[in-house]
1. Mind listing P(r) for the range 59-144? All alpha-carbon pairs, 5 Å bins, whole percents.
2. Mind putting a number on the dipole of the range 220-290 about its Cα centre? Charges go on the C-beta only, +1 for Lys and Arg and -1 for Asp and Glu, and I need it in Debye to the nearest 20.
3. Report the residue, chosen from Q113, Q268, Q256, that carries the largest GNM mean-square fluctuation when the chain is represented by alpha-carbon nodes joined by springs under 10 Å.
4. Using only helices, what value at 222 nm comes out for the chain when you add -39,500 (n - 2.57) per DSSP H run of length 4 or more and divide by the total residues, to the nearest 500 deg cm²/dmol?
5. Under 4 °C and 1.567 mPa s, how fast does the range 196-268 diffuse according to Stokes-Einstein, given a Kirkwood radius computed over C-alpha pairs? Answer in µm²/s, whole number.
6. What residue among A226, S216, Q268 has its Cα farthest toward the positive end of the dipole of the range 200-290, where the charges are +1 on Lys, Arg and -1 on Asp, Glu, each on the Cβ?
7. If you place +1 on the Cβ of every Lys and Arg and -1 on the Cβ of every Asp and Glu, how big does the dipole about the Cα centre of the chain come out, in debye to the nearest 20?
8. If you place +1 on the Cβ of every Lys and Arg, -1 on the Cβ of every Asp and Glu, and leave all else neutral, what size is the dipole of the range 82-150 about its Cα centre, to the nearest 20 Debye?
Amino acid sequence: SAQLQQLLEQAATGGSAPHAAEARCYDAAELAHAIEAGELVNHYQPKVDFASTLVTGVETLVRWQHPQDGLVYPDRFIALAEEADLIDALMCKVLHTALRDVRQWASRGHGLQVAINVSMDNLQRLDFPDFVERAALDSGVPLSSLVLEVTESHLMKNRQAALDILTRLRLKRIHLSIDDFGTGHSSLVQLRDIPFNELKIDRSFVHGAWRDASLSTILNASLEMARKLGMKAVAEGIEDRADWDYLRQAGCDVAQGWFIARAMPAEQLPAWLQDWERRRAELITPVTDG
Ligand code: C2E
Ligand code: MG
Ligand code: MG
Ligand code: MG
């Protein structure tokens, strides 16, 4: 039946896109217009240090505030942006907005690191490191407050150029993070060649790992690898208290996920930070042995 079909599709997409069946595709011209017209908005999801429960920073997650369709999530337009050569224009907007928001929070007493997602396709232009540096300098945000979360795109034009650019970004003291580690999209294990600072373990290995032997095996191996390579380990997809307790116990450094907060508009962050001050006390429990 149609209903069964919809349930199957929902299951296949992890239940995250309940209207997947009727969701329409966008074309390059629409997306180009949206970028130009300022329809892209930045949402921010907090990152929290497991040991201290202090907020270390936020990750920028772009959304398309579509005039007819409402809030459209990046899974429906990032691949298009890559294919249509719009990914640089998109990154440029996202970066400038994020830097402006970081400045705004800082002026209210909240010093935060900000992470930007970049596609490997953004790492094809030799002037990318200078572009990022200039944008940060112009907005008065120190380069050490910037994290670039790198996701491999399915296209992946020139790998060597990307590796050179990553090295140059690192020399500018910009922090580099490997996103979606463990998934097919991240064979970024040229780890030996690039000094990545952070390893983000994909949420498919995080949520529910405490009760799944194979997930927890992959998870613990990833954590050990991060430790041995001197990288900070970040777990995405901490959805509940059990995930939090398990990852904390396993020695993961930083937590991110719905248990802490969903991504939110910039103006909601100060109130959330205040609320977190009340919530975090109950999470500070000693790690037990065993
Ligand atoms: P990502 O960088 O791996 O971001 C994590 C995704 O998981 C986000 O989805 C976030 O909203 C979602 N998430 C966070 N916590 C939880 C949780 O506890 N449970 C579950 N089920 N999901 C959680 P979102 O915002 O839809 O973004 C999807 C992907 O789109 C991102 O994955 C990133 O690769 C890409 N993306 C987002 N913004 C940008 C951007 O500005 N530029 C580029 N190139 N890619 C972006
Ligand atoms: Mg990310
Ligand atoms: Mg990720
Ligand atoms: Mg992911």
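Bear in mind that the values in this text are calculations on the coordinates, not laboratory data. Since the model is a prediction, treat every value here as computed from it, not as a measurement. Ideal geometry is used to build each Cβ from the backbone, glycine not excepted, and the neighbour counts take in all protein chains shown.
1. The distribution over the range 59-144 is 3, 13, 22, 23, 17, 13, 7, 2, 0, given as percents.
2. Values: 9 positive and 12 negative charges, 39 e Å.
Dipole size: approximately 180 debye.
3. Result for the chain, Cα springs under 10 Å: Q268 fluctuates most.
4. Details: 9 runs with 109 residues, N = 290.
For the chain, the value works out to -11500 deg cm²/dmol.
5. Details: Rh = 12.3 Å.
Here the translational diffusion coefficient equals 105 µm²/s.
6. About the Cα centre, the residue reaching furthest to the positive side is A226.
7. Numbers: 29 positive and 41 negative charges, 179 e Å.
That gives the chain a dipole magnitude of about 860 debye.
8. Numbers: 6 positive and 11 negative charges, 106 e Å.
Rounded to the nearest 20 debye, it is 520 debye.
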